[in-house]
1. Under 9 Å between Cβ atoms, at least 6 apart or on separate chains: pull out the pairs that start in the range 212-228 with a residue that is in contact (Cβ under 8 Å) with a residue 40 or more places away in the chain and end on any residue that is of a type in the set (S, T, N, Q).
2. So which helices (runs of 4 or more DSSP H) stay within the range 24-112 end to end and still have 1 or more residues that are open to solvent by less than 40 Å² (accessible area, probe 1.4 Å), in contact with an Asp or Glu (Cβ under 9 Å, 6 or more places away or on another chain) and within 26 Å of TYR216 (Cβ to Cβ)?
3. Of everything in the range 205-224, what is open to solvent by 90 Å² or more (accessible area, probe 1.4 Å) and more than 18 Å from ARG150 (Cβ to Cβ)? Give them in sequence order.
4. Surrounded by 19 or more Cβ atoms within 10 Å (Cβ to Cβ), over 19 Å from TYR222 (Cα atoms), of a type outside the set (Phe, Trp, Tyr) and at pLDDT below 95 - does that describe any residue in the range 135-149?
5. So LYS4 passes all but one of these: (1) in a helix (DSSP H, G or I); (2) open to solvent by less than 30 Å² (accessible area, probe 1.4 Å). Which condition number does it fail?
6. What are the residue pairs meeting all of these: first residue in the range 32-58, first residue under 28 Å from THR115 (Cα atoms) and modelled with pLDDT of 90 or more, second residue part of a loop (DSSP other than H, G, I, E, B) and open to solvent by 50 Å² or more (accessible area, probe 1.4 Å), Cβ atoms under 8 Å, and 6 or more apart or on different chains?
7. Which of the residues belonging to the range 10-20 are under 31 Å from the mean Cα position of the chain (by Cα) and over 16 Å from PHE202 (Cα atoms)?
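The values are calculated or read from the model by the stated rules, or taken from the named source; none is laboratory data. Quantities reported herein were computed from a predicted structural model and do not represent experimental measurements. Neighbour counts run over all protein chains shown; Cβ positions are idealised from the backbone, glycine included. Keep in mind that these areas ignore ligands, DNA and RNA; they rest on the heavy atoms of the full protein, side chains included. Shrake-Rupley method; radii C 1.70, N 1.55, O 1.52, S 1.80 Å.
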Amino acid sequence: MIRKTLRYLFVTLGAILLLMIILALTPAPFYMHYHLGDDPNETEMPFYPKYIVMLGGAGMPSESNLIRLYYTAQFANHYETPVVLVHPKDSICQAEMTKALTCQGIEHDRILYMTDGSNTRSQVLELREQFPDLISTPILVVTSPENMRRTIKCFNKVGFSAVRGASAREATVDFDLSLKKQKLDGNETIPNVESTNMRYTFWNYFKLETTCFREYCALAYYRIKGWI
């Protein structure tokens, strides 16, 4: 019985791995990730936020926080609005995030903090309690693309009536990554892997798949819990 169960388990896991490998050879992961980053509240009506709300992602410095801070500063400077940093309490991290914003032209008195809650649902509830005026105030939420759909739906669920989202998307490179005419040395009997699809794209898409599938599981969990 145990042997049969293990066999089915390994066959299932193998099938999932094979599917992920096949998908990583197509543009599907890119579109999956891009779709998760779309704002579900997006309309063609002009939107002028009164606050920029940034949901922190990790420590400082970190890739996720730095890119979110960059976008937050860009929007706050453009719309001339205050910023609310939503991040679990951490004095060092908070100080570094504040420094990153002030270096981009955001004054200290324009930065507010909400340090309670450790997941999206609890943070949105705490934000509603500590900043009740935001419930009916136009706000722009900045977070990572994979978290955007779940985040905005959480805000909608607890009653925020004028919320929009801005995904902190990475920019793509625009230069030649081929190995032609480059001095590489090394073992000359082993051919160079010229294809950028095999060197970069496949692995990037495989990583995106993992991120997207994890987020799909989170979306399903939040929906079952009634949080979105």
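1. Listed pairs, sorted by first residue: GLU215/ASN147; ALA218/THR120; ALA218/ASN147; TYR222/THR120; TRP227/THR120; ILE228/ASN156.
2. Passing ranges, in order: 28-36, 63-79.
3. Across the range 205-224, the qualifying residue is only LYS207.
4. No; the residues of the range 135-149 include none that is surrounded by 19 or more Cβ atoms within 10 Å (Cβ to Cβ), over 19 Å from TYR222 (Cα atoms), of a type outside the set (Phe, Trp, Tyr) and at pLDDT below 95.
5. (2)
6. GLY37/ARG169
7. The first filter runs over the range 10-20 and keeps only residues under 31 Å from the mean Cα position of the chain (by Cα), leaving 12-20.
Passing the criteria: THR12, LEU13, GLY14, ALA15, ILE16.
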